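Presented below is the structure to which this report refers.
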Amino acid sequence: MKIISLFSVVRGYNIPVIILAQYLSAIFILAPEIRALDIILDFNLFLIVFASSVTIASGYIINNFYDSQKDLINRPNKSMLDRLVSRSTKLKVYFSLNFLVVLIASFISWRAFLFFSTYIFLIWFYSHKVKKYPFIGNLMAAFLAVLPFFAILLYYYTRLPLYEIENYKNQFMVISAHATFLFLLLLIREMIKDLENITGDLANNYRTIPILFSENASKKFITALTLATIVPVYILIEIYDVGYMDIYFYVCLIVLIFFLLYLWKSNKKAQFLLLHNVLKFLIVAGVFCIVLINPSILWHGKKILLSI
C-alpha cells in the first residue's frame, strides 16, 4: 500500500505520457531531419528524458508536501492514500531523486547540469511561494510543465554545426507555435483547477483569482485565454505544414467552443472537474497526434528495424 501511495504522490501515471511526449516531440518537431531510430537510440537524449521525468516526479512530491492540508479538503480520497507515506519519507525520496538528477545532468554536460539545477529550484520555489499568488502562480505552473521540452531543444541546438543554425532558427517559429498552444491549454487548466479547488484554497489562504476577485472574473480570463489559442492554431495550420495534425487542431477548436459554453453554465465542483478532464484529454490526445505531422517517419523507422 505504501508503494501504491508513493506512486500516487509522484503521479506515476503521468510520467509515461511525459516520456512519450518528449520522444515524439524530438522525432517529429525538434529534429525531423534525424532518423527516428537514431533519436530513440541516442543515449544522451535518453538521459535528458529520464532526468526530466525524475525531476517532474520529485516536483510532484514537494508539491504534495506543501499542499497536504489543501488536498485533504479538495481531494480527500487521494489525500488519505498519499498520507500512508510519512512526510519525512517523502522528503527523503525528494532529495534522493534530485541528487540523482543532478548526478545524471553533470554526466551529460555543464549546460544540462545548469538547466536541471535551475529547474529543480524553480519547482521548489513555485510549490513553496509562488503558487499561492493569483495569475503568476498559474503562469509559472504552465511554464514549468512546458520547460522539459526546452531541454531537448537546447540539446539539439548545441549539436548543430554552424551552417545549420540559421535554418534551425527558422524552424524555431514552428516549435514556438506548438509550445504556445500547449502553454495556453496548460494555463487554462490551471485556472480551471482554481475554480475546482476554491474551498481548499480559501481554507488555506491561497490568493487565487476566483477568491480575490470572483468566479466570473476567472471565467473571463479563461475565455480570453481560450480565444487566444486561435492564434497559434492559425499559424500552425495556415502558415506552416503540420501534416495531418491539422485535424487535431480543428477538433480542438470545436471542443473548446463547447468548453466555453459549458464553463459559463458551471458553478459546482463536479462541473469544473469535468472541464478539467476535457483539457487533460486534449493535452494527452495532442501528444499522440504528434505522429500525424509525418506518419511516414514511423514507417521508415519500421523498415529500418525490420532490416536490422
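Each Cα pair under 8 Å and six or more residues apart adds its sequence gap; the mean of these over the residue count of segment 2-307 is a relative contact order of 22 percent. Within the chain, the selection of entire DSSP H helices by a Cα span of 24 Å or greater along the long axis and an average Kyte-Doolittle value of at least -1.0 returns 43-66, 87-108, 110-128, 136-159, 162-196, 246-263, 269-289.
Using the Cβ-Cβ distance between Lys268 and Met173 with R0 set to 35 Å, the FRET efficiency from 1/(1 + (r/R0)^6) comes to roughly 0.25. Compute the Cα gyration tensor for segment 2-307, then decide on rounded, prolate or oblate, letting a ≥ b ≥ c be the square roots of its eigenvalues: rounded whenever a/c is under 1.5, prolate when a/b is larger than b/c in the other cases, and oblate in all that remain. Oblate, because a/c is 1.5 or more while a/b does not exceed b/c. Let me make sure I get this right: for segment 54-130, a, b and c are the square roots of the gyration tensor eigenvalues over alpha carbons, sorted descending. Under 1.5 in a/c it's rounded, otherwise prolate if a/b > b/c, else oblate. Which is it? Prolate, because a/c is 1.5 or more and a/b exceeds b/c.
Here Ile247 and Lys280 are evaluated by their C-beta separation; at R0 = 22 Å the FRET efficiency comes out at 0.65. When the charge dipole of the chain is built from unit charges on Cβ atoms (+1 for Lys and Arg, -1 for Asp and Glu) and taken about the Cα centre, the candidate among Leu225, Gly12, Thr180 whose Cα reaches farthest toward its positive end is Gly12. Ranked by the mean number of other Cβ atoms within 10 Å of their residues, highest first, the peptides 281-290, 51-60 come out as 51-60, 281-290.
Taking segment 1-17 and a reference point 7 angstrom along Cα→Cβ of Arg83, the backbone N atoms nearer than 18 Å belong to 1-10. Straight-distance candidates among the aspartates and glutamates for linking to Lys265, with alpha-carbon spacing under 12 Å and chain neighbours fewer than 8 residues away dropped: Glu215.
Using 0.36 nm per residue and subtracting the Cα-Cα separation, the extra length available between Val291 and Ala203 on full extension is 27.3 nm.
Here, each number is a calculation from the coordinates, and none is a lab measurement. This one's a predicted model, so the numbers in the text were calculated from it and none came from an experiment. When we count neighbours, we look across all protein chains shown, and the Cβ atoms used for this are built from the backbone with ideal geometry, even at glycine.
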